[in-house]
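Structure first, commentary second.
The values are calculated or read from the model by the stated rules, or taken from the named source; none is laboratory data. Fair warning: this is a prediction, and the values are worked out from it, not measured in the lab. Cβ placement follows ideal geometry from the backbone for every residue including glycine, while neighbour counts extend to all protein chains displayed. Remember, those area values only see protein heavy atoms, side chains included, never the ligands or the DNA or RNA. Shrake-Rupley method; radii C 1.70, N 1.55, O 1.52, S 1.80 Å.
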Amino acid sequence: MTLQPLPADEDADVAAEEECARQAAMIAEQNDRFRRSFSADFTVPGRIVATPGVAALGYAARVALMGEVMRFDTFTEANDPHGQHDFGVVTVEGQRVYWKIDYYDPALAFGSNAPHDPAQTVRVMTLLLPSEY
């Protein structure tokens, strides 16, 4: 059996899928560094914000929350369908808390056109209660 070359449009589709997968892997790696360092890794620009509900949890709960978010590693197809490691759910003192990473341009005015490129992207991780979603 001889393999036939794919028609040009199929080659382009495969190449586009491979590029999307490559960029998703880059985004996931950067998101992991950003989250695990709680924004202290300056090679991945970003900031962390908390909603009023999270702020009301109290100091000890917020410290525990920080540790839980930094240690989170249970990514599955259900909670990470795009493979970017940009969302998770943790429980602190019996309270479920979501964390979500979004991608903005360096001026924080618009969404980033290239979330895989740290020179063009500032990450914002929001900590929020499910009732605030």
Toy charge model, Lys and Arg Cβ at +1, Asp and Glu Cβ at -1: the stretch 5-133 dipole around Cα centroid in debye, rounded to 20, equals 1040
Scoring the chain by relative contact order with C-alpha pairs under 8 Å, at least six apart, yields a percentage of 27
Rounded to the nearest 5, what is the percent of antiparallel bridges among the DSSP beta bridges in the chain?
-> 75
Stretchable slack from Thr76 to Ala21, in nm (0.36 nm times residue separation minus alpha-carbon distance) | 18.2 nm
Could you please state how large a percent of the accessible area of the chain is carbon and sulfur, counting protein chains only and using a 1.4 Å probe?
-> 58
The chain - mean residue ellipticity at 222 nm from DSSP helices (-39,500 (n - 2.57) per run, n ≥ 4, rounded to 500) = -11500 deg cm²/dmol
Remind me, relative contact order of the stretch 94-133 in percent, using alpha carbon pairs under 8 angstrom and six or more residues apart?
-> 46
On the formula 1/(1 + (r/R0)^6), with r taken between the Cβ atoms of Glu93 and Glu132 and R0 of 22 Å, the FRET efficiency rounded to 0.05 is 0.85
